[in-house]
Protein chains: 2
Amino acid sequence: MTECGNTTCGCGEEKCGQGSCNDENCTCGKESSDKKNNNELNHVKHVVAVMSGKGGVGKSTVTALLASAFRKKGFKVGILDADITGPSIPKLFGLKDSPKSTGCGLLPVKSTESIEIMSLNLFLPSEDEPVIWRGPIISGVIKQFWEEVIWGDLDYLFVDLPPGTGDAPLTVLQSLPLDGVVIVTSPQDLANMVVRKAIKMAEKMDIPILGIVENMSYVQCPDCGKKIFPFGQGKVELMCQEFKVPLLGILPLEPSVSAFGDQGKIGESASSDLLRTDLLLEILEK
Amino acid sequence: MTECGNTTCGCGEEKCGQGSCNDENCTCGKESSDKKNNNELNHVKHVVAVMSGKGGVGKSTVTALLASAFRKKGFKVGILDADITGPSIPKLFGLKDSPKSTGCGLLPVKSTESIEIMSLNLFLPSEDEPVIWRGPIISGVIKQFWEEVIWGDLDYLFVDLPPGTGDAPLTVLQSLPLDGVVIVTSPQDLANMVVRKAIKMAEKMDIPILGIVENMSYVQCPDCGKKIFPFGQGKVELMCQEFKVPLLGILPLEPSVSAFGDQGKIGESASSDLLRTDLLLEILEK
């Protein structure tokens, strides 16, 4: 990953703010010309990726809770599920319908809360069918989900990323005009280490970190009220201080969240109230 | 993914048992000629991949517990960490040393229990440094970890896979002479759905499923003893019945496992006693 230098940027001027770089291995931060959504039916005001590096810390759940919270505030919201080989978003919202195709592109499927959703799982004959694809095909599908889907007018599009720092996250960070990323972590040191890789990846690519959410922080015993910390006590405040980013919420490991998700009713979970959505909104609207 | 047909198999005979197929997109099940370990210093008797499809269900922890349990029985054991962008194995065993290189290849790093370990994280200047690589490079590294590492004489090599059904799992399932895969799941329906993708991927590629481990099944309140099911009650027995594979263990979400892992002493965790290693051994030695 190296910077391209002036010569490969369209405008020929360094740091003019309008230059674009088409070298997909370049980290110069200049907007690639393909970052714009060239589908003229689409007007998406803000794009926010939800990222972690680590698997299973609740990226999809946090994406769904954020989207639901923003929708409750009256915004037009969409979710692009960029986890192509392990997509969770349709199940969380109980979606079964296939996206319809028109001459102009694919129509997202609407949840009961009117969140517009596009995910590869909506195309599969059964939800547990694997897609055994290598990176270039996965990247191609993510680009199609951005350019060839009729998102229409959206205030906020949330992008649910898969774990790792490979093809899918790299394509999203390079190809979509992100306002920034929300990082999801869990209290385990092991998760912490891998999450730091994701933060450093975003930093290297000049993508702003909007804030951090700690998920699965504790379990509360329903009988005696004791707080149990199955992954140890979190260090998310220290992480926020170190990277100078705000804490966007601490979520417990709460059986009802998992149950709402398994029933396809994640929008009904009250856990979205634990996210500091007003703070995130303030950062995004700046 | 299609079958290659007779013509691309080296022997020219269908189902002769010795044919090899070099088409990496083919699912004919005939052993590719590169599946053998051509490094003449290596004699690895059994290779077992630990897979899930879903992230964060404890693949690395189960890999480490299985390796430790087999080591305690006196076997010579190694771990190939195929999670290139989110490697957890070195941290679980508290390893910091870099692998040494000789004229014949790379030497794995030995844990205190004498488990031979190779992981990309052992090569990085700091453990939280991201590797922002696309699929072909990731696949190349995994192949190098198999062929260019001096594993020596091993009874069992465990391969820790990353989440998803993309490049890394595909390369391991295609390029390594696996005895089979151990599947790790958690009780959540959402995990269940994604895990089924991994099982179906292995089935499509004619790789035997050796058994299933359910992790994070419950949390036990240390004060009142109540069993809490933060991800709902598991359905792993049903999954085992459906796919006709044995249950290899049910592990609780136990703070001490996470703590041992965070301290780099996963080998000291007693949780490996909850795994049915004798059953797995019996299956492998058949």
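The values are calculated or read from the model by the stated rules, or taken from the named source; none is laboratory data. Source: prediction; values computed, not measured. Cβ placement follows ideal geometry from the backbone for every residue including glycine, while neighbour counts extend to all protein chains displayed.
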* Structure fact -> By residue number, the members of region A:213-231 that are of a type in the set (D, E, K, R), farther than 23 Å from A:Ala49 by Cβ and more than 7 Å from every other protein chain (Cβ to nearest Cβ) are A:Lys227
* Asked: Any idea which of A:Ile283, A:Ile212 is surrounded by 22 or more Cβ atoms within 10 Å (Cβ to Cβ) and closer than 22 Å to A:Phe158 by Cβ?
  -> A:Ile212
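Do you know which residues across region B:143-164 are farther than 19 Å from B:Lys110 by Cβ and crowded, with 24+ Cβ neighbours inside 10 Å? Working first, answer last.
Within region B:143-164, the first condition is being farther than 19 Å from B:Lys110 by Cβ, and the residues that meet it are B:143-144, B:147, B:161-164.
B:Leu161, B:Pro162, B:Pro163, B:Gly164, listed by residue number.
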* Regarding A:Pro108, is this residue without any contact (Cβ under 8 Å) to a residue 60 or more places away in the chain, touching a strand residue (DSSP E or B) at 6+ places or on another chain (Cβ under 6 Å), surrounded by 19 or more Cβ atoms within 10 Å (Cβ to Cβ) and more than 12 Å from chain B (Cβ to nearest Cβ)? -> yes
* Does B:Met205 satisfy being within 9 Å of chain A (Cβ to nearest Cβ), surrounded by 24 or more Cβ atoms within 10 Å (Cβ to Cβ) and among the aliphatic types (A, V, I, L, M)? -> no
* Structure fact -> Listed by first then second residue, the pairs whose first member lies in region A:169-195 and is within 11 Å of chain B (Cβ to nearest Cβ), whose partner is of a type in the set (Phe, Trp, Tyr), with beta carbons under 8 Å and at least 6 positions apart or on separate chains, are A:Ser186/A:Phe231; A:Pro187/A:Phe229; A:Pro187/A:Phe231; A:Gln188/A:Phe231; A:Ala191/A:Phe231
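Could you list, in sequence order, the residues of region A:84-97 that are part of a loop (DSSP other than H, G, I, E, B) and within 10 Å of another protein chain (Cβ to nearest Cβ)? Spell out the reasoning first.
First, pick out the residues of region A:84-97 that are part of a loop (DSSP other than H, G, I, E, B): A:84-88, A:93-97.
Listed by number, the residues that qualify are A:Ile84, A:Thr85, A:Gly86, A:Pro87, A:Ser88.
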* Verdict on B:Ile137 being touching a helix residue (DSSP H, G or I) at 6+ places or on another chain (Cβ under 7 Å), within 14 Å of chain A (Cβ to nearest Cβ) and either closer than 27 Å to A:Pro136 by Cβ or of a type in the set (S, T, N, Q) (or both) -> no
* **Subset of region A:58-83 [crowded, with 24+ Cβ neighbours inside 10 Å, touching an Asp or Glu at 6+ places or on another chain (Cβ under 9 Å) and assigned to a loop (DSSP other than H, G, I, E, B)]** => A:Ala82, A:Asp83
* Structure fact -> Taking region A:232-253 and the residues there that are part of a loop (DSSP other than H, G, I, E, B) and either more than 7 Å from every other protein chain (Cβ to nearest Cβ) or within 19 Å of the chain's Cα centre (by Cα) (or both), the one that is surrounded by the fewest Cβ atoms within 10 Å (Cβ to Cβ) would be A:Lys244
* Asked: Which of the residues belonging to region A:219-231 are surrounded by fewer than 21 Cβ atoms within 10 Å (Cβ to Cβ) and in contact (Cβ under 8 Å) with a residue 24 or more places away in the chain?
  -> A:Gln220, A:Phe229
* Structure fact -> Counting only residues in region A:23-57 that are modelled with pLDDT under 85 and touching a strand residue (DSSP E or B) at 6+ places or on another chain (Cβ under 8 Å), the one surrounded by the most Cβ atoms within 10 Å (Cβ to Cβ) is identified as A:Lys30
